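First the structure, in the form of structure tokens, and then the observations on it.
The values are calculated or read from the model by the stated rules, or taken from the named source; none is laboratory data. Here the structure is a predicted model, which means the values were calculated and not measured. When we count neighbours, we look across all protein chains shown, and the Cβ atoms used for this are built from the backbone with ideal geometry, even at glycine. Each accessible area value is taken on the protein alone, full model and side chains, heavy atoms only, with ligands, DNA and RNA left out. Shrake-Rupley method; radii C 1.70, N 1.55, O 1.52, S 1.80 Å.
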Amino acid sequence: MTTRETPMRVLLLSRYGHLAASSRVRSYQYLPYLRDHGIVVESKPLLSDGYIERLYRGRSLRALPILASYVSRLWHLATSSRFDLLWIEYELFPWMPAWFEILLSRLGVPYVVDYDDAIFHRYDSHRNTLVRGVLGRKIDQVMRGANAVIAGSDYLAEHARRAGASRVECVPTVVDLNRYHVATASEGQTYTVGWIGSPITAPYLQLVGDALAEVCRDQRVRVTAIGAGPVTLDHVALDVRGWSESTEVAELQRFDVGIMPLRDAPMERGKCGYKLIQYMACGRPVVASPVGASRQIVEHGTNGFLASTAAEWVAALRALQDPALRRRMGAAGRAKVEQAYCVQVTAPRLASLLRSVTRKTGT
């Protein structure tokens, strides 16, 4: 029985190493808080940072290291009896049936599973009929077997409920206020529209390429893309910068406004709006497509704008060239982050959730 005198031991089976935002912000950033509150987490990522580096650079993924990572995960599962709880990101083995999650459930091994993306659509909407037939309901099985599903958005939570999950808890993707500070925005001649992401998500910028080109007809406007990799936008004054964890906040503070364009499609409806939270934590107003969690995060006309058409994007970005409006919306965004979208709020909830699952299962 886990007590306050005996630390609770959790095996974190994350998808990626520290380089991937999903693992970094959904689990790793919580580990110091959990440790300080008697929950000792040992993390064992499935895929290394080397995998992410190759993926972002567009290089072919090598089969042998991936196979070795699957074997390593099998070993970690074999030693999981040393732990009070398993904390799984998404699933144990991508592109395999839910055999091992089903086995854990039948053996009474408690596990929670975390989602910040609609990965079930990778299977149930796959173009290959065999994949849909074999794996289309895999994530539903994983969710049903879990002692709790942790969902980063309402869309993901609702899917978990429809799948028959016994317990579903919404924990948004958040920032640490100790890292994110409001810096006074420059009110010089240049108006900077900013975006942060990865080479995988950079194609979303093309959705607003025409709107950005129209705004950039004013030569004082520039667009900065952090972490996008090689990307071009016709007739857009574009500055592409590399990403690093140590510099990302300083880079965000150089923005005047942050953007998050998305297509309105099933996969995107599961997005948790993390980049919007980052912008708002720095006191910057936002413009976003009204898709998924963006509709909850963005209060249209208060901390930013929701825009669907090119004309709406242009109007929003031009309106935010007003420094007074940017200050007012930026302050509202920061206040919302402090109230609901920061580790300082969600970490106690997560710790309580993990402990309650363990108590419930009698470990």
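Residues are listed down the side, and each one gets a yes or a no for (1) more than 29 Å from residue 208 (Cβ to Cβ); (2) open to solvent by 60 Å² or more (accessible area, probe 1.4 Å); (3) at pLDDT below 95:
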position: 291; (1), (2), (3): no, no, no
position: 294; (1), (2), (3): no, no, no
position: 307; (1), (2), (3): no, no, no
position: 318; (1), (2), (3): no, yes, no
position: 330; (1), (2), (3): no, no, no
position: 335; (1), (2), (3): no, no, no
position: 341; (1), (2), (3): no, no, no
position: 361; (1), (2), (3): yes, no, yes
- Message: Being modelled with pLDDT under 95, within 20 Å of the chain's Cα centre (by Cα) and either surrounded by 13 or more Cβ atoms within 10 Å (Cβ to Cβ) or under 21 Å from residue 334 (Cβ atoms) (or both) is true for just one of 244, 198. Which residue is that?
- Response: 198
- Taking the range 64-80, which residues are within 26 Å of the chain's Cα centre (by Cα) and either loosely packed, with under 10 Cβ neighbours inside 10 Å or under 24 Å from residue 29 (Cβ atoms) (or both)? 69, 72, 73, 76
- Task: Sort through 174, 168, 193 and tell me the only one that's farther than 30 Å from residue 252 by Cβ, at pLDDT 95 or above and either open to solvent by 20 Å² or more (accessible area, probe 1.4 Å) or not aromatic (Phe, Trp, Tyr) (or both).
- Result: 168
- Quick check: anything in the range 87-100 of a type in the set (Phe, Trp, Tyr) and in contact with a strand residue (DSSP E or B) (Cβ under 6 Å, 6 or more places away or on another chain)? yes
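Sort through 52, 102, 119 and tell me the only one that's of a type in the set (Val, Ile, Thr) and touching an Asp or Glu at 6+ places or on another chain (Cβ under 8 Å). Before you say what the answer is, go through the steps one by one.
Values: 52 fails: touching an Asp or Glu at 6+ places or on another chain (Cβ under 8 Å); 102 fails: touching an Asp or Glu at 6+ places or on another chain (Cβ under 8 Å).
Sole residue among the options that is of a type in the set (Val, Ile, Thr) and touching an Asp or Glu at 6+ places or on another chain (Cβ under 8 Å): 119.
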- Applying the selection to the range 209-249, what residues are under 21 Å from residue 175 (Cβ atoms) and in contact (Cβ under 8 Å) with a residue 60 or more places away in the chain? 245, 249
- Task: Quick one: which strands (runs of 3 or more DSSP E) lie wholly within the range 3-108 and hold at least 1 residues that are of a type in the set (Asp, Glu) and either within 23 Å of residue 350 (Cβ to Cβ) or free of Cβ contacts under 8 Å to residues at least 24 places away in the same chain (or both)?
- Result: 39-43, 85-89
- Among the residues of the range 38-61, is any more than 29 Å from residue 201 (Cα to Cα) and not β-branched (Val, Ile, Thr)? yes
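Can you name the residue in the range 343-359 that is among the small types (Gly, Ala, Ser) and modelled with pLDDT of 95 or more and is also most open to solvent (accessible area, probe 1.4 Å) among such residues?
352
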- Subset of the range 277-297 (residues that are in a helix (DSSP H, G or I) and either in contact (Cβ under 8 Å) with a residue 24 or more places away in the chain or β-branched (Val, Ile, Thr) (or both)): 277, 278, 279, 280, 281, 294, 296, 297
- Query: Given 165, 151, which one is within 20 Å of the chain's Cα centre (by Cα) and either under 19 Å from residue 262 (Cβ atoms) or in contact (Cβ under 8 Å) with a residue 12 or more places away in the chain (or both)?
  - Reply: 151
- Note on the structure: Scanning the range 123-154 residue by residue, the ones that are among the β-branched types (Val, Ile, Thr) and closer than 11 Å to residue 98 by Cβ total 3
- Query: Do you know which of the residues in the range 81-122 that are aromatic (Phe, Trp, Tyr), within 22 Å of residue 42 (Cα to Cα) and more than 23 Å from the chain's Cα centre (by Cα) is surrounded by the most Cβ atoms within 10 Å (Cβ to Cβ)?
  - Reply: 83
- Quick one: count up the residues across the range 57-83 that are out of contact with any helix residue (DSSP H, G or I) (no Cβ under 9 Å at 6 or more places or on another chain) and hydroxyl-bearing (Ser, Thr, Tyr). 4
